[in-house]
Each structure stands twice: as structure tokens, then as C-alpha cells.
Amino acid sequence: MIYRMYVVLLSLLLLSACAGTGISPVSNNDDGEYQPSYDPNPAAEANLRLGVAYMRDGNYERALERLKRSRDMDPEYPQAYNYLGLLHQRMRQPQEAEKNFKKALSLAPNDSTVLNTYGQFLCGQQRHEEGIKAFARARSNPLYDTPEIAMTNAGTCSLEAGNTAEAEKFFREALEVRPDIPTALLQMADISYNNGEYLSARGYLQRYLAVAPQTARSLWLGIRIERELGDADTVSSYVLLLRSSFPDSSEAAQVRAAGIR
């Protein structure tokens, strides 16, 4: 569940980004951009944008054609290899994906966009330590405008690896830079709940709900938090919303199995 959310959020933003923009795990209100110094061939950039659009629409054949054309028009263009790596990742071709990510990094070793994408790939391959190192490199770039993105990604990767203490450290660092990152807030609510810190968990969840919509996961977490804090009315309202908005979710099934009303 943790990794799937991570991949969806990160991949969607990669696909919607234009060449040169930063990667964010936040699905809505991220305004930060990272502008690498490389100035690509205009035709190569145009083909990359078309390739990204095709990838977003699920037309991988056309996406591959356009991204290869972008690469061939400008063989020194890091983002052409970066998005080729992402495309091959989505096509379940990890060897081709890694080859392209490494080529992108050989051309732009400090490009935080590429490092974030490669880190996501490594975490998806269960190579968590390598992925976290890639995120750390992205964060350390002094030209990177949104280092909290890399820290949030590192936190999610740490959770997937089972290292909750390290994940909490990364999320706290990210929230110190930017206090309204939905992913980090929801993860911290979950961590706090699991640590028995129910008031803190409620606080993080309330901050999350101030910047992001309810999901099946956030509602199920809210139900459990408020049960611990003894707020039956809020539990009931969360249960009703979960059943009406996400009736087929695994979280709704857990509510039914637990007999929570």
C-alpha cells in the first residue's frame, strides 16, 4: 500500500511535468521548479513533450517513438533518457529503465529531477538503500528549489524498507521546509498512531485534511484515531463517509469486519 501510493503520486507528476520541472510526491499544490542548466535542441524538447503526453495517455508505443526521436535529435539531452527510463519502468522493462536512468545521470550527475526519478525506480526494485541515497543527492543540490520533495520520497522509501524511525526523520525534515505536504502529513499521522501518540496523530491528520481530500486510507486512519480518543460522533461521521464514498475499498471492508458503526 505504501509503495503503491508512492509510485502513483510520483509517476503522475512526472508524466504531467514538462522537461526541466521538479518531481513532487504532492498531487496538487506544488509550485516549486528545478531548472537544469542544459539547454536542449528545441526539436528534441518538442518531441519529449509529445512523448510525455502519449505516456500520460497510456499510448506507450507512440511515447517510445517520440522519446527515442528526442534522444536521437539531441544525444546529450538528459531528460530524454530520464523519461525513456520512466517509460521502460512502466513497461516493466527494468534493465532498459536503469540503463537510461544511468545515461541521464552520466550527462547530468547533479540533476535533481533525474535523481528523484531514479530513486523512485530503485525503491520500486526493493533497492531501498540505493534509492534513499539518490534522494539524498537530489536534496543536497544547492540549486534544487524543493528539497522537501526528495526528503518526502526518502521517507516513503524508508517506510517501504521497514525503517520507521528513519522515515519519521525524513518526513519531519520535509515538513520543516514546507509544512503542508500531504504525503508527509498523512504518513506522520499514521506513524504517530502506530506509536500510540493519538493526539499527535489527530493533529497531523487535521493538517492533511486542510490541504488534501479525504481518501479511504485517511478515513480509516481517522476512524482508528478517534476511537482511541473516544470521539464517537467523529467516528460515526468518518464511517458514513467511508461507506458512501469508498464502499468497495479494503478499508470499508475492514470497518465492516470490525463491526464499527
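The values are calculated or read from the model by the stated rules, or taken from the named source; none is laboratory data. The structure presented is a predicted model; accordingly, all values stated were derived computationally and were not measured. Positions of Cβ are backbone-derived with ideal geometry, glycine not excepted, and every protein chain shown enters the neighbour counts. We work out accessible area using only protein heavy atoms, side chains counted, and drop any ligands, DNA or RNA first. Shrake-Rupley method; radii C 1.70, N 1.55, O 1.52, S 1.80 Å.
Residue separation of residue 126 and residue 110 scaled by 0.36 nm, minus their Cα-Cα distance, works out to 3.5 nm of gained length.
A 1.4 Å probe run over the chain, with the rest of the protein chains in place, finds 46 Å² accessible per residue. Here the spin labels are modelled as points 7 Å beyond Cα on the Cα-Cβ line, and at residue 61 and residue 177 they lie 4.1 nm apart. Here the gap between residue 72 and residue 261, fully extended at 0.36 nm per residue and compared with their Cα-Cα distance, gives a gain of 62.0 nm. Per residue of the chain, the DSSP helices (runs of n ≥ 4 H) give a summed -39500 (n - 2.57) that works out to -23000 deg cm²/dmol at 222 nm. log₁₀ I(q)/I(0) of the chain at q = 0.07, 0.09 Å⁻¹, via Debye over equal Cα point scatterers, no solvent, to two decimals? After summing over all Cα pairs, the log10 values are -0.27, -0.44.
Comparing 86, 67, 221 in a Gaussian network model of the chain, where Cα atoms under 10 Å apart are tied by springs, the biggest mean-square fluctuation is seen for 221.
The orientation-averaged shadow of the Cα convex hull for the stretch 149-261, equal to a quarter of the hull surface, comes to 6.9 nm². Counting only lysines at least 8 places from residue 169 when in the same chain, those with an alpha carbon closer than 18 Å to its own are 133. Label separation (residue 41 vs residue 241): 5.2 nm, computed from points 7 Å beyond Cα along the C-beta direction. In this entry, the stretch 192-254 is assigned a mean projected area of 4.0 nm², taken as a quarter of its C-alpha convex hull surface.
Between 106, 244, 192, the residue with the greatest mean-square fluctuation in the GNM of the chain (Cα pairs under 10 Å linked by springs) is 244. With a/c under 1.5 counting as rounded, go ahead and sort the stretch 40-140 into rounded, prolate or oblate using the C-alpha gyration tensor (a ≥ b ≥ c being the square roots of the eigenvalues; past the cut-off, prolate if a/b is larger than b/c, else oblate). The shape class here is oblate. Between residue 195 and residue 136, residue separation times 0.36 nm minus the direct Cα-Cα distance comes to 18.6 nm. Ordering 73, 54, 41 by Cα displacement along the dipole of the chain toward the positive end leaves 54 in first place; charges were set at the Cβ atoms of Lys, Arg (+1) and Asp, Glu (-1).
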